[in-house]
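Notes to accompany the following structure.
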Amino acid sequence: MTSPLKFQIKQASTKTSGAGESARCGTFALSQPASTVPDQQHVKRTIETPGCLMYSQKGAVPHLTPDNLRQQSFGGVNVSLEHILQTDQPGSFSKWPETSPISQFNGYKFTLSEYLRLQDLITFCDLRDYSFAADTFRHPTSPPAKKLASNTDHHTVLSTPKGIRQLTLDGYLKTVRHYRPDVVVAMADTIAETTTPNEKRVRKSVERSLKWLDQILLERNGQDGTIADRRVEEEKKRRRERKEKKRNAAAAAKAAGEQQEHEQKQEQDQVHGEYKKGEEIYIEPIPSEPWTDVGLFVTVGGAHLEESRVWSAQETAKKEGVDGFVIDTLSLSELDKDSRLKHVQTSLAHLPENKPKLLYGLHAPEDVLEAVAMGIDLFDTSYPFQLTEDGKASLYYYGPRPAGQDKSNSNTLRSINLWDDEHGDKFVPILEGCGCYACKDNKHTRAYINHLLKTHEMLATVLLMGHNMYQYSQFFTLVRESIQDGTLQENSVAFGATFGKEPIRTLEKHPNQVIVEAALQKRNQRLDGAEEGVVGVIGMGSAVPSLGAAVGAEDVEMEDGNKSNKKRHESDEAGEDGGSKDEVVEKKVKKAAESSSSPL
Amino acid sequence: MKSALKWDVVAKCGTTKARAAVLTLPHGPVNAPVFMPVGTQGTLKGITPDQIEGLGCQIMLNNTYHLGLRPGQELLDTCGGAHVFQGWNRNLLTDSGGFQMVSLLKLAEITEKGVQFESPHDGSLMLLTPEHSMSLQNSIGADIMMQLDDVVSSLTTGPRVEEAMWRSIRWLDRCIKAHKKPESQNLFAIIQGGLDPALRKQCIEEMVKRDTPGYAIGGLSGGEEKDKFWRVVSQCTDLMPREKPIYCMGVGYAEDLVVCVALGVDMFDCVFPTRTARFGNALTATGTLSLRQAKFKDDFRPIEEGCDCIACKSYTRAYLYTIVTKETVGCHLISIHNTAYQLRLMRQVRESIIEDRFPQFIHKFFKDLFVEKTAYPEWAVNALKSVNVDLIQGEEQP
């Protein structure tokens, strides 16, 4: 079977010895990037590796509309089934149109890529949101990711916005067949119910994952991968039916007083009956539709047990038709970073070099450098998203200080927090010379973003996300260049010396954010017939999928007596900011920070 | 009074009082009739300036009260005004800040000096005067600024209405005197007088003498019956100078826009499109879609066929149903769509005036939106009848 994916490793222009030898550059693409119908409009991007898939929630990269999204150079998007699979799916897939109902994409098959407007971006579909599940970037105010019930032999457990859901292999296969993503990750038993699984549980997870993988590989090739499961089901069913029959007959016989006759009949059944214990049941194999056009990545696990990790990697590596590997770290989330990386290394050592590997979590720049040095090729962009939710903007760089970056900008800071008062009057871009749409041409300033945060305006996160994503992609570009010219180790050491480590996310919000949100809550409480689902705040809404979107200043109804005016007088908005009154009138205007610190 | 704008009428409707024009302001031309989206705090609800420009928007609103608070006058002076502050190179219009004062603050009191209120922090008395409003608006630097007026609710009756009318005239004079940048910022007067035709007439006579670059119809802040509302609007457009733009503040819904254009209004603003977007409501020519409703779960059409906004060119209602009010992107997409809808409506209105088929457009518009003639709002039927468009008896011609 020719793979639908192509991964080519580039030769480094200079060889290095020692640490970082396993680092490699490559290109990750579809074998057939251009669709053949109707007019070659969709051409999928290529991902340069080491590189990223863009993290998404509910199928959308946070804060970025399709036009802004495409200003990023990342080549693909990671979509989690648990975010997008609706409660009545796969059943209600029958309601989907065959081809795209969007006129500019007329004629294209309505796959997941079309549905999510990701036609030109590699659509990578995994089951769970591992970054969120692993709490690697939990927002301080959101509850910890739910520990789910354990997966079983028959299903895996997903945490959807509507609640916990079980997905069977059959459901998974139906979904993959319908969605037709560019890459799908095989359903696996990733341990989610505990971060300290015992050996028995770990072995079970590897065993189960391998079994499912075999079935998935058969199905992918158009063979019947679920025949064994169906046989088991049929056996159970027949046993049930037989028991039922026995019960009924006994009841009838008793009623009619024909006990003896009944016992005779039973004996006969044993000999001539439909089912005899131990007998092979014939199950008609169902020819299935192959999906060899869908790339397949497989998760290698084994938790913290070296033996299991080796076993998982070795066995998985033997399988034909696997296009890449996801190194599972979900059950390692409570270990320190070095231990986690050690386990990653164990898995890597038993995987074929010529296939791409993806790693979730461990996405702060210095972590990426360590993982890259081991040979990881793909990451995701949950790090820039995390920064954005905190109101932060990246300033770090990799390698020599880039031209145009002002020395006086204290660039030894990894990031700045735009909530800080000090930015309130800084009419400079986040980063001089940065090419993102926030900074380019000095269009948006630190002062403006500070203002947007304090007025709870959503444009803040749009600008921050654009910047942070851009900076992350720049970082990867420079890392790739370093691998090529042999300076990876040297630059990574310098990076660590300059920028240190990512500070641990505290469970506290920025004091300014607390004030703004308190005022907002107060205003929302006063809303007449407040519509549900829209109360939310920057930073919270996105970390917990089910919370509402951020809401701005206009959701305030006017005070006293003007309720009937609310529809009409919409030019002059009632922004119920309290202490504000002082500011307008006084000749000496207080700083924005102070005004927002005095809610009505 | 010195004017920093040009008003060129390019076509007049042969049936109604509508006209199509080009309003040339310091930051570029604006096609009228025009709908101005409201970017209260120096931003239009998560939409970038590039995106707003991409929608064809040529002018939007900022709110003086809010910008005066944050970022504040000093910061605006430092950076050179609101255009620079928010990265918006086209036109801006600011209101006076007075309305928020009056509507928000329990303790506001209007005196001759200005709007007086008690600071909630220390009880000290603070004042928003015409002079200070001008100063703030000068710092913001909008291409059009509004006088500080003495606003009374249209439901108010009695001598207060007349008092407010005369005071607004006096404050207009103070505003004109205090306005420091007439060469780059256009001050508009706001006609008051409540629902009283005599007062309105008087106000117009007086304010016209002051010869401001443009005029607004104020004091129709809702609560009054629509049937009274349109009569005031129509009277004003009859009496106001036709060689200047006329702005009806706070209007409005799609049908309000169409009717008021027919009555001779040129400029509008309303928060409704962007506000309702945040609740997941998308505006279309055939009505509003509440995309949060489960009925859209399996609706695989774009919001509006034929709309060229990024939401309609990308996604189905079924997908939007899963993200509206839950992901910020959902909110941005609907906000963009609703703004596109309003701007497109005005563009279509304008084209139909230029091609002298505005009455036919009106018929079609109402039919698409309300379907049955029995559902047509009575006030709209009356208003249009007064300008020779009979929605009920008349026929929509091809």
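Derivation of every value follows stated rules applied to the coordinates shown; laboratory data play no part. Remember, it's a predicted structure, so these values are computed and weren't measured experimentally. Every residue, glycine as well, gets a Cβ built from its backbone with ideal geometry; the counts of neighbours run over all protein chains shown.
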DSSP-assigned coil residues among GluC sites (Glu not before Pro) in region A:289-331, each with at most 16 further Cβ atoms within 10 Å: A:E320
From the C-alpha gyration tensor of region B:4-116, square roots of 5λ in Å: 29, 21, 13
Mean projection area, nm², convex hull over Cα of chain B: 19.7 nm²
Gain upon complete extension [A:R240, A:Q8; 0.36 nm per residue less C-alpha separation]: 78.1 nm
Pairwise label distance in nanometres, B:S184 with A:V43, each label 7 Å out on the Cα-Cβ vector: 4.6 nm
Scattering profile of region B:317-372 at q = 0.23, 0.28 Å⁻¹ [log10 I(q)/I(0), Debye over alpha-carbon scatterers]: -0.85, -1.01
Radius, Kirkwood style, for region A:188-263 when every pair of distinct Cα atoms is counted (Å): 16.3 Å
Restricting region A:411-513 to GluC sites (Glu not before Pro) in coil, as DSSP defines it, with at most 13 other Cβ within 10 Å: A:E508
Cysteines having no other Cys beta carbon under 4.7 Å from their own, within chain B: B:C13, B:C57, B:C79, B:C175, B:C203, B:C236, B:C248, B:C260, B:C270, B:C309, B:C331
Label point distance in nm, B:V9-A:E508, each placed 7 Å from Cα along Cα→Cβ: 6.5 nm
Beta bridges per DSSP with both ends in region A:37-124, % antiparallel, nearest 5: 25 percent
Phi-based couplings in Hz for region A:474-480 (Karplus 6.51, -1.76, 1.60; Gly and Pro marked x): 4, 4, 5, 4, 5, 4, 4
FRET efficiency, B:T288 to A:D441 (Cβ-Cβ, R0 35 Å, nearest 0.05): 0.40
Paramagnetic reach from A:R230 (point 7 Å along Cα→Cβ, amide N under 17 Å) across region A:157-186: A:168-175, A:177
Sorted by Cβ neighbour density within 10 Å, fewest at the top, the residues B:K228, A:K204: B:K228, A:K204
Sorted by Cβ density within 10 Å, fewest first, the residues A:T196, A:T160: A:T196, A:T160
DSSP bridge pairs, region B:214-321: antiparallel proportion in percent, nearest 5: 45 percent
Whole-Å semi-axes of region A:96-243's equivalent ellipsoid (Cα gyration tensor): 29, 25, 14
Inter-label distance for B:Q202 and A:N354, nm, one decimal - labels placed 7 Å from Cα along Cα-to-Cβ: 9.4 nm
Along principal axes, Cα extents of region B:122-226, largest first, whole Å: 41, 36, 23
DSSP beta bridges in chain B [antiparallel fraction, %, rounded to 5]: 50 percent
Mean Cα-pair separation over length for chain B, i.e. relative contact order, pairs under 8 Å, 6 or more apart, %: 17 percent
Cα-derived Rg to Rh of region B:129-185, Kirkwood definition: 1.07
Ranking of B:K12, B:K297, A:K357 by count of other Cβ atoms within 10 Å, fewest first: B:K297, B:K12, A:K357
